[in-house]
Structures are given as C-alpha cells and as structure tokens.
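This report refers to the structure that appears directly beneath it.
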C-alpha cells in the first residue's frame, strides 16, 4: 500500500481501495456559518445537503448522472471517467432521500418507511471488507470501482455512527422548505 493524499491505495496493478477511516471530505459551506459534522459524518452530511447548492440559488446539485459523477469523483469515491446513467441518478436520489428521512427522525419527525425502504434498495450492493489491527481501530474498506462502492462507503459512515452513538447528533432541519443536515 502507498499513501495518496490521506488515502491508502494499492500499489501498481492492484485495486484502488478506500478506507472509511482515511476518507477526506472537503469542507462544505454550511448554512448560518455552522461547522460541518466531524469526521466521516462530514461526508454523509455533504451528501445529504446536495439538494441545495448554496452558491447557486439553492438549486438541486444532482441534476444529472454527470453531476453525481463529478461530486463523487471530487471526493475520491469514484473514478472520474466512470459511466453513470439515469438509473444511477435514481438510486443516488433514493439513497439521499432515505438518509435525510433518517435525519428528520433524529429531529423528532415520524419515520418515513417508504423513503427508508428505497434507501435500503439503493444500498443493496456488494459489501465492504473489514480490516482489523491489534492496536488500531478497525477500518472498513471498499474497492473504488463504481457507484455501488461509493454508496456503500457513505452508508458505512452512517452505520459506524449509529453503532458508536454519534448518529443522533446529526439532524435535518424540520422547516417546511429546509431539510438541511446539520
């Protein structure tokens, strides 16, 4: 393994792997000057908040497969030339809607079972590998080779936060025209 930025990748000829513990999410601008969520939850928060582009009139950021590819590639989750289609756009939007529904629950809203079911359907993908070490925290890794793995890594951030107790702190604004994750 070699380090690229803060990511570990396989040496020449091997698959590129991304680890949840080494994931780097660029700072995303937040409403009201808030700080982004800490650690791996920053990626989840940024993904959920793609419903708005704060620098472009609060418009939807995922308007096409190309927009999704660019966003995921910028964060190192997808190879820049990966082909995505309309079905992928639907999967990503379903995953994002389901995660937002979970964040609304963290803010006291009732469960949107339909959105959660669509989230589960969007995440039915090949799973990650677990890397254990006697003196370090376990890490979850995926091969970076497509949308399935990018969505799996985002979901792993949620799963780990649910297990370690950080998840309830990430919420979605309950305002009628909001839903911003904070």
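For the reader, a short list of remarks on this structure follows.
- The helix-based estimate of mean residue ellipticity at 222 nm for the chain, built from -39,500 (n - 2.57) per DSSP H run of four or more residues and divided by its residue count, is -12000 deg cm²/dmol to the nearest 500.
- When all alpha carbon pairs of region 103-182 are counted in 10 Å bins from zero, the resulting P(r) reads 15, 39, 33, 12, 1 %.
- Here r is the Cβ-Cβ distance between residue 90 and residue 159 and R0 is 25 Å; the resulting FRET efficiency, rounded to 0.05, is 0.65.
- Placing dummy labels 7 Å off each Cα toward the beta-carbon, the span from residue 130 to residue 107 is 3.3 nm.
- Residue among 105, 130, 158 with the largest mean-square fluctuation in a Gaussian network model of the chain, springs linking Cα atoms under 10 Å: 130
- Taking 0.36 nm per residue of separation and subtracting the Cα-Cα distance, full extension of the segment from residue 173 to residue 59 would add 39.3 nm.
- FRET efficiency, 1/(1 + (r/R0)^6) with R0 35 Å, evaluated for residue 31 and residue 145 via beta carbons: 0.55
- With Cα atoms, 0 to 90° folded angle of helix 147-164 axis to the chain main axis: 70 degrees
- Panel note: the C-alpha atoms of region 49-98, placed on their principal axes, show extents of 28, 21, 16 Å (largest first).
- Taking the longest Cα principal axis of the chain as reference, the axis of helix 113-122 is set at about 20 degrees.
- Long-range tail of P(r) for the chain (Cα pairs > 22 Å, %): 44 percent
- Per-residue extension of 0.36 nm, minus the Cα-Cα distance of residue 114 and residue 74, leaves a gain of 11.4 nm for this segment.
- With Cα atoms, 0 to 90° folded angle of helix 86-106 axis to the chain main axis: 70 degrees
None of the figures in this text is laboratory data; all of them are computed from the coordinates on show. Since the structure is predicted, the reported quantities are computational estimates derived from the model, not experimental observations. Glycine gets a Cβ as well: all are built from the backbone with ideal geometry, and neighbour counts include every protein chain shown.
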